[in-house]
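Engineer: Input: one structure, supplied below.
The values are calculated or read from the model by the stated rules, or taken from the named source; none is laboratory data. Only a predicted model underlies this, so the values are computations on that prediction, with no experimental measurement involved. Cβ: placed from backbone, ideal geometry, glycine included. Neighbour counts: every protein chain shown.
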Amino acid sequence: MPRRAFRVAYDGRPYYGFQRQPDVTTVEGELFGALRRLDVFEGAKPPAYAAAGRTDAGVSARAQTIAFDAPTWLTPSGLNSELSGPLRAWATADAPPDFHATHDANWREYRYFWLAGDEDETRARRTLDRLLGEHDFHNLTTDDANTVREVSGGIESEGDFLVVTLRASGFCRELVRRVVALVQAVTGGDDFDRIDRLLAPEPIEGPEGVPPAPAGPLVLHDVDYDIDFAAEPPAAAATRAMFADLREERRARARVAGHVADSL
């Protein structure tokens, strides 16, 4: 069977992260279940399977990417026919026989939607700028090794939100959310010197450390490869419709919450 890659999008709220885990619902577990029901593979996982990354519990994705040896008849719509919950495939690409969705990624891009209100946008950008470039982020991850990364990105204003974009060839565990949390803390009044202390060689723990920002506002926006993906129109339309329905549902929930809060 040829090696093929699929783009998948999901709302992270119902899932305990991307990676399979026993006795809990994960994105990867749902994908494997659908592929088994389609008789695509037997055993623990599809042949030559790999994924672009392992998003944490609650983190969403627009362009998570999985690749494996797949029959040519398997389309995004066909995969979606066996998926339930807020998870859909929407594009596919033919890949070289040795393609690996983890190792062959040129870069990954995350976006964090920060409901910033009246926060100082200029100070937020200045804070993030000091964290971009190549650094040893050992104080901003739970990883114990391989913590040097070169990160690019920026901040854009969208209404009440500041959208923090971070791009790198790969990210340490929780690095994106801890960088966002540090930007939020310094923007909110912490001293800029805190950044230098956290990027220094000395380990920082306890109250001086940086806990990760909440997972819900984070999305894996894109993963770049040297292959060409083609969106399947029916699957892409179904994915857009799913997320549009989620937006309307949450808008109604927010209105109810606002009503209760304002009327007490």
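Engineer: Can you name the condition, by its number, that Ala215 falls short on among (1) in contact with a helix residue (DSSP H, G or I) (Cβ under 9 Å, 6 or more places away or on another chain); (2) assigned to a helix (DSSP H, G or I); (3) under 30 Å from Trp90 (Cα atoms)?
Structural biologist: The number of the failed condition is (2).
Engineer: On the given criteria, is Pro71 modelled with pLDDT of 95 or more, assigned to a loop (DSSP other than H, G, I, E, B), farther than 30 Å from Val176 by Cβ and not polar (S, T, N, Q)?
Structural biologist: In short, yes.
Engineer: Suppose we keep only residues that are in contact with a Ser or Thr (Cβ under 9 Å, 6 or more places away or on another chain) and not in a loop (DSSP other than H, G, I, E, B) within the stretch 40-61. Which one would you say is surrounded by the most Cβ atoms within 10 Å (Cβ to Cβ)?
Structural biologist: It comes out as Ala61.
Engineer: Considering every residue within the stretch 79-95, establish whether at least one is part of a loop (DSSP other than H, G, I, E, B), at pLDDT below 95 and more than 27 Å from Glu174 (Cα to Cα).
Structural biologist: So far as the stretch 79-95 goes, yes, one or more of its residues are part of a loop (DSSP other than H, G, I, E, B), at pLDDT below 95 and more than 27 Å from Glu174 (Cα to Cα).
Engineer: Mind checking which residues of the stretch 1-58 are aromatic (Phe, Trp, Tyr) and closer than 20 Å to Arg173 by Cβ?
Structural biologist: Scanning the stretch 1-58 gives Tyr10, Tyr15, Tyr16, Phe18.
Engineer: Can you name the residue in the stretch 203-223 that is surrounded by fewer than 16 Cβ atoms within 10 Å (Cβ to Cβ) and more than 14 Å from Thr141 (Cα to Cα) and is also nearest to the chain's Cα centre (by Cα) among such residues?
Structural biologist: Gly216
Matching residues to (1) at pLDDT below 95; (2) out of contact with any strand residue (DSSP E or B) (no Cβ under 7 Å at 6 or more places or on another chain); (3) of a type in the set (A, V, I, L, M); (4) over 18 Å from Glu82 (Cβ atoms):
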| site | (1), (2), (3), (4) |
| --- | --- |
| Leu31 | no, no, yes, no |
| Leu38 | no, yes, yes, no |
| Ala52 | no, no, yes, yes |
| Val59 | no, no, yes, yes |
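Engineer: In the stretch 193-210, which residues are in a loop (DSSP other than H, G, I, E, B) and out of contact with any helix residue (DSSP H, G or I) (no Cβ under 6 Å at 6 or more places or on another chain)?
Structural biologist: Ala200, Pro201, Glu202, Pro203, Glu205, Gly209
Engineer: Still on this model: So Gly188 fits all but one of (1) over 20 Å from the mean Cα position of the chain (by Cα); (2) surrounded by fewer than 16 Cβ atoms within 10 Å (Cβ to Cβ); (3) assigned by TED's automatic domain parsing to the domain that holds Ser81; what number is the exception?
Structural biologist: (3) is the only condition that Gly188 fails.
Engineer: While we're on this one: Kindly evaluate Leu199 against the criterion of being hydrophobic (A, V, I, L, M, F, W, C) and either within 24 Å of Ala61 (Cβ to Cβ) or touching an Asp or Glu at 6+ places or on another chain (Cβ under 6 Å) (or both).
Structural biologist: Considered against the rule, which asks whether it is hydrophobic (A, V, I, L, M, F, W, C) and either within 24 Å of Ala61 (Cβ to Cβ) or touching an Asp or Glu at 6+ places or on another chain (Cβ under 6 Å) (or both), Leu199 comes out as no.
Engineer: Given Ser152, Ser169, which one is touching a residue at least 40 places away in the same chain (Cβ under 8 Å) and either surrounded by fewer than 15 Cβ atoms within 10 Å (Cβ to Cβ) or under 21 Å from Ile204 (Cβ atoms) (or both)?
Structural biologist: When all the criteria are applied, what remains is Ser169.
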